[in-house]
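Worksheet for the structure shown next.
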Amino acid sequence: MKTQPRLCIAFTCAGMLASGLPGVHAQQPGALPPGALPPPASTKPVAPPTLMPPADSKEPLTADFAAKILRDPSVLPNNGQLQMSYATVVEKILPSVVTIHSSTPIKAPEVDQIPPQLRPFFYRFFGAPGGQDPFGGGMNEDDEPAPRRRGQPQQPQRPQQPAPDDDAHQSQGVGSGMIITPDGYIITNNHVVADAKKIDVDVDVNGSSKTYRATVIGTDPLTDVALIKIDATDLTPATLGDSSKLRVGDIVLAAGAPMELSRSVTQGIVSALGRSNEGIVGKGNGRGGRVQGYEDFIQTDASINPGNSGGPLVDAMGRVVGISTAILSRTGMNAGIGFAIPINMALHIVEDLLDDGAVQRGFLGVQITDLDGALAERLGFKEQGGAVVMMVGAGSPAEKAGVQLEDIIVAINNQRVDSSSRLRLIVSGTKPGSQIPIDVMRGGKRLTLNATLEALPEEALSELSSGQRGIPRPGAPGGQAKDNISELVSGVTVQTLTQALRERHDIPDTVTGVIVTKVDADSRAAAMGVEESDVISHVNRKPVTNAAEARTLAKGSDKTVLLRVWRKGDTMLLMIGNN
């Protein structure tokens with residue numbers, strides 16, 4: 001039987017099976033070409049990476065923090081003899097690499113979640129259901145709860161929850177991190193420290209290991225970045241490079257504590273750049289969760305294993321270019337495909353976390369999708385690449401800037417947009433309040449619009465960004481009339497929009513089309529985002545005024561139907577399979 005590959009977070013967690021935590025594994029990034037060590041870096045000032053805010057916009061605290069960080073953005077050499085040793089590079093980075101030990105309380109599972117054959121082991125570990133039996137009940141010789149005595153009240157059938165500070169019921173995990181300031185600030189992965197009640201950090205001090213208790217400054221599950229701090233001074237910080245200058249084929253080294261073996265280093269190359277939509281990070285469980293994360297990974301073949309998570313990925317000059325995060329593997333061990341967060345992106349998050357422990361992201365107010373071949377043909381666009389606007393939020397920065405449905409965004413904030421995920425990264429990495437240019441293709445012409453970003457609302461992160469939903473708003477359920485009703489596509493019933501329906505659903509007179517009165521929950525249309533009370537104004541880019549007309553236009557499509565939908569002030573495009 002063919003075994004499918006799986007993505008694994010690069011963090012070892014040696015706990016009981018009851019913890020419910022899957023094994024996680026390290027990731028690696030890649031960096032420099034095989035050449036001799038280059039001359040010392042230039043001291044000339046260099047502009048910050050694109051997604052980094054300008055230095056003069058920093059508050060005093062942030063500016064002081066940034067002054068402590070060592071940076072070297074000079075370009076790697078592309079010639080020279082084969083380098084026979086990276087000992088100098090290793091000596092430069094290892095003093096900044098730390099091993100992180102975290103303790104997380106194990107949550108006892110419900111009894112009905114435990115297979116009957118395994119329940120005796122859980123009873124031994126967590127105790128019998130309902131705690132101590134005041135009537136003398138307990139475990140019988142078959143390791144099952146003793147029968148309840150007559151008259152004894154029924155107890156809830158669940159294992160005892162261990163005390164949070166009970167060391168015997170803690171999941172012990174090991175990860176990595178790197179020191180970025182002499183006074184003890186450390187970057188690591190969110191999944192290394194998430195939910196931990198106790199974090200200990202092993203630091204190399206003059207050749208010997210010293211352990212410090214760490215506190216969490218802030219975490220960001222949507223990028224899997226965390227900032228922690230230990231009470232120490234005169235530490236050796238890592239030198240940070242510029243990940244935007246990485247090239248595929250650059251040599252990189254991954255440092256950390258794979259398999260709990262501290263101060264370990266492996267070497268490889270950058271295998272690819274800009275890996276996204278892998279479902280590795282997200283809000284909820286750290287591996288995609290219920291909310292889609294922001295991914296722009298460096299792929300490397302440097303050996304990464306469980307325990308490498310949070311450790312640095314450095315180039316051939318010893319400058320940090322990434323943070324090892326995950327691997328792609330069939331076995332859970334290194335298979336030559338590792339992923340690292342670019343250091344530019346991580347440092348941008350850290351500077352936000354430093355203020356109040358939270359990250360502020362820009363919000364444009366559109367739903368987008370990739371311009372693939374099928375959609376390009378449907379829109380009459382000859383080229384592929386870019387992000388197609390499928391929805392414009394009512395009152396959003398995009399609407400105020402003049403963005404329209406079917407616009408193809410090809411650049412934003414002077415950065416090229418070749419996919420919807422790239423657009424999300426650029427917008428989220430730009431501070432709220434920033435005014436940015438948006439280059440769109442509309443009707444075969446290139447236009448430049450200007451938008452002022454707002455702060456990303458929390459409700460926008462309430463579910464996976466499928467590109468097929470509106471901005472959450474309270475709304476009334478749809479109703480049905482008995483006249484002029486038709487099935488538009490399989491599972492979707494529409495009705496001609498009347499004045500009574502307008503008043504019932506609060507639909508403005510300026511909105512025309514047909515209203516969706518019923519959607520089969522198991523239909524393809526429901527899966528693509530069609531909802532009751534939606535008003536369909538166009539079918540296959542042609543306006544419709546009644547249900548019969550909409551039905552005729554939809555039936556004229558062999559494979560897909562393109563709908564323009566109005567929903568509580570929002571407008572969007574939905575592409576539905578026509579079966």
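Rounded to the nearest Hz, the phi-derived 3J(HN,Hα) couplings of region 183-194 under the Karplus curve 6.51 cos²θ - 1.76 cosθ + 1.60 (θ = phi - 60°) are 9, x, 6, 9, 9, 8, 8, 4, 6, 6, 10, 4, where x marks glycine and proline. Near the amide H of Val252, within less than 5 Å, lie the amide hydrogens of Ala31, Leu32, Gly268, Ile269, Val270, all on another chain or at least 5 residues away, with H placed in the peptide plane. In this structure the amide hydrogen of Lys198, modeled in the peptide plane, comes within under 5 Å of the amide hydrogens of Ser103, none closer than 5 places in sequence on its chain.
Computed packing ranks the peptides 226-234, 513-521, 353-361, 563-571 as 563-571, 513-521, 226-234, 353-361, most packed first, by mean other Cβ atoms within 10 Å.
Given their separation in residues at 0.36 nm each and the Cα-Cα distance between them, Leu379 and Gln172 gain 69.1 nm when the chain is fully extended. Taking all protein chains together and a 1.4 Å probe, the residues Arg422, Arg541 rank Arg541, Arg422 from largest to smallest accessible area.
With r as the distance between the Cβ atoms of Asn277 and Arg504 and R0 = 56 Å, compute the FRET efficiency 1/(1 + (r/R0)^6) and round to 0.05. That gives a FRET efficiency of 0.90. Counting only protein heavy atoms and using a 1.4 Å probe, the accessible area of Val535 comes to about 0 Å². Distance between the modelled labels on Leu447 and Gln415, one decimal in nanometres: 2.4 nm (7 Å Cα→Cβ projection). Near Leu562, once Lys and Arg are set to +1 and Asp and Glu to -1 for all other residues with Cβ below 10 Å from its Cβ, the sum equals +3. Amide hydrogen proximity for Val205: with H placed 1.01 Å from N in the peptide plane, the residues at 5 or more positions away or on another chain lying under 5 Å are Lys210. Approximating the spin labels as points 7 Å out from Cα along Cα→Cβ, the Ser103-to-Lys245 distance works out to 4.4 nm. Along region 515-522 the Karplus relation, 6.51 cos²θ - 1.76 cosθ + 1.60 evaluated at θ = phi - 60°, assigns HN-Hα couplings of 9, 7, 9, 7, 10, 5, 4, 9 Hz to successive residues, with x for each Gly and Pro.
Histogrammed with a bin width of 5 Å, the alpha carbon distances of region 348-394 distribute as 5, 18, 17, 12, 11, 13, 11, 7, 6, 1 percent, first bin at zero. Under 18 Å from a label point set 7 Å out along the Cα-to-Cβ vector of Asn578, the amide N atoms of region 484-503 belong to 486-495.
Between Ala67 and Val205, full extension at 0.36 nm per residue minus the direct alpha carbon distance yields a gain of 47.4 nm. Coupling constants for region 486-493 follow from the phi torsions by the Karplus curve (6.51 cos²θ - 1.76 cosθ + 1.60, θ = phi - 60°), and in residue order they are 8, 8, 6, 9, 4, x, 10, 10 Hz; glycine and proline get x.
Computed over region 362-419, the P(r) tail beyond 19 angstrom holds 26 percent of alpha carbon pairs.
The values are calculated or read from the model by the stated rules, or taken from the named source; none is laboratory data. Everything numeric here is computed off the predicted structure, so don't read it as measured data. Cβ: placed from backbone, ideal geometry, glycine included. Neighbour counts: every protein chain shown. Only protein heavy atoms, including side chains, enter the accessible area calculation; ligands, DNA and RNA are left aside. Shrake-Rupley method; radii C 1.70, N 1.55, O 1.52, S 1.80 Å.
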